[in-house]
1. Looking at the structure I just gave you, is Leu303 touching a Gly at 6+ places or on another chain (Cβ under 9 Å) and outside any strand (DSSP E or B)?
2. Out of the helices (runs of 4 or more DSSP H) lying entirely within the range 46-162, which hold 2 or more residues that are loosely packed, with under 14 Cβ neighbours inside 10 Å?
3. Quick one: which of Arg57, Arg13 is more than 20 Å from the chain's Cα centre (by Cα), closer than 30 Å to Gly240 by Cα, in the same structural domain as Leu134 (by the TED database) and among the basic types (Lys, Arg)?
4. Tell me which residues, restricted to the range 294-328, are open to solvent by 40 Å² or more (accessible area, probe 1.4 Å) and either closer than 22 Å to Asp247 by Cα or of a type outside the set (A, V, I, L, M, F, W, C) (or both).
5. Examine the range 403-412 for a residue that is more than 19 Å from Pro359 (Cβ to Cβ), open to solvent by 20 Å² or more (accessible area, probe 1.4 Å), modelled with pLDDT of 90 or more and out of contact with any Pro (no Cβ under 9 Å at 6 or more places or on another chain), and state whether such a residue exists.
6. Would the range 231-239 turn up any residue that is modelled with pLDDT under 95 and either under 21 Å from Lys176 (Cα atoms) or hydroxyl-bearing (Ser, Thr, Tyr) (or both)?
7. Have a look at Ala73, Ala78 and point out the one that is among the aliphatic types (A, V, I, L, M), under 23 Å from the mean Cα position of the chain (by Cα) and closer than 22 Å to Ser40 by Cα.
Amino acid sequence: PRYRPDWASLDARPLPAWFDRAKVGVFVHWGVFSVPAWGSEWFWWHWQGLHDAAYERFVRRRFPPGTTYAEFAPLFTAHDFQPRQWAQLFQRAGARYVVLTTKHHEGFTNWGSPVSWNWNSVDTGPHRDLVGELGEALRESNLRYGLYHSLMEWFNPLYLADKQSDFKTQNFVLKKTMPELYDLVLKYKPDLIWSDGDWEAPDSYWNSTSFLAWLYNDSPVKDTVVVNDRWGRGCSCRHGGFYNCADKYRPGTLPEHKWEMCSSLDSLSWGYRSNMSLAEVMDEMSVIEELVQTVSLGGNYLLNVGPTKEGVIVPIFQERLLALGRWLDTNGEAIYESQPWRVQMENTTDTVWYTSKGPVVFAIFLLWPRDSVLCLSSPIPSPGTQVTLLGFAGTLKWQKQPGKGMLITLPYLLPSPLPPQSGWAVKLEGVK
């Protein structure tokens, strides 16, 4: 069927199956904001949009008088950017897709956009097509490629003029936003478009529905591409492909619609900050907890890193990504391609979460029980029920719990002064 450029038609499009199966992605925030590397990726806005005193002081201390934001671009060198190394890291992290910022609200494009003269990564700064280079490396590693793209640009004169007209004019959309979106799709054939920067204007201003109708009907990725829900004021959590709803969104119960939780290893920023401290970085346990809760509730987990201006993913981020990958090497069977079960978590505790695959149920417990006996009240066992612990050979003993549910005797762990790592999955076969 051909999709019409209206939400009723576009929202009826089935979501390509690869996205729900993938479960785990890596988000990358990289741009000119990686040069000051301070505060957050909203640096320019805080400095010159809000005239925040702390940002003004920072620039005075670190840069010559009269410095403009544009002068940061040549310092965005990407000297150490090795796309193949990134791709290998993301693959080892267990990611099935990667989303790169092609353009943030600052308007600088990480590819040679024909409508972003001299404010792009080919004309200035790295003098490289960052979007293209990463895409090539990811595809060699069999990872899906998503492109983050901001519809608006804070200080673009065309955008400011449209805003002044209360969005009755569309010069910015026709000359900048849409040409760039079409260019990205035709040039890089992305698996996912992660739209953002939509909230100030309605979708009719952005021409979102006509773009999406073309994307779904006639683009080179019409059958495989997935999009999110940020296509104009009021669209979030209501229209589009999968729902983001809000940054770091956590629904308390199982949503009816496919969704994604995006989170950042640096708890205070999406872009790289040179003054980040260890206490501000998510630890391994928190990452695994977020992943497990998200997947149990039917979501995908998109975990963000901000590389440096040279293109380095700092060691602490690499370490966290590799820890996640090791956990998924053991427990991925309970995550990838799974479905929410009839119960998402034990009603008595939020430390046990469920996923399922056909008749098989996985109970993922985040804390090792004191006496090494795992008490589950939700599954109904049968005489033929079999229990195994992922990453551990052999079956586990279990018994019916008085009342309902089951008690599972876990393998003995050697005593250790350190609490064991977070998250184990038992596989339950023959339960209801």
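The values are calculated or read from the model by the stated rules, or taken from the named source; none is laboratory data. The structure presented is a predicted model; accordingly, all values stated were derived computationally and were not measured. Here the Cβ is made from the backbone with ideal geometry for all residues, glycine too, and neighbour counts use every protein chain on show. To get the accessible areas, we keep the full protein, side chains included, count just its heavy atoms, and leave off ligands, DNA and RNA. Shrake-Rupley method; radii C 1.70, N 1.55, O 1.52, S 1.80 Å.
1. Working: touching a Gly at 6+ places or on another chain (Cβ under 9 Å): yes; outside any strand (DSSP E or B): no.
In short, no.
2. Numbers: elements: 53-62, 83-92, 130-140.
Answer list for the range 46-162: 53-62.
3. On the way: Arg57 fails: closer than 30 Å to Gly240 by Cα.
Of the residues listed, the single one that is more than 20 Å from the chain's Cα centre (by Cα), closer than 30 Å to Gly240 by Cα, in the same structural domain as Leu134 (by the TED database) and among the basic types (Lys, Arg) is Arg13.
4. Once the filter is applied, which keeps residues that are open to solvent by 40 Å² or more (accessible area, probe 1.4 Å) and either closer than 22 Å to Asp247 by Cα or of a type outside the set (A, V, I, L, M, F, W, C) (or both), the range 294-328 yields Lys309, Glu310, Pro315, Gln318, Glu319, Arg326.
5. yes
6. yes
7. Values: Ala73 fails: under 23 Å from the mean Cα position of the chain (by Cα).
After ruling out the rest, the residue left standing is Ala78.
Conditions (1) of a type in the set (Val, Ile, Thr); (2) outside the structural domain of Lys175 (by the TED database); (3) within 17 Å of Leu147 (Cβ to Cβ), marked per residue:
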site: Gln48; (1), (2), (3): no, no, no
site: Arg62; (1), (2), (3): no, no, no
site: Thr68; (1), (2), (3): yes, no, no
site: Ala73; (1), (2), (3): no, no, no
site: His105; (1), (2), (3): no, no, yes
site: Asn110; (1), (2), (3): no, no, yes
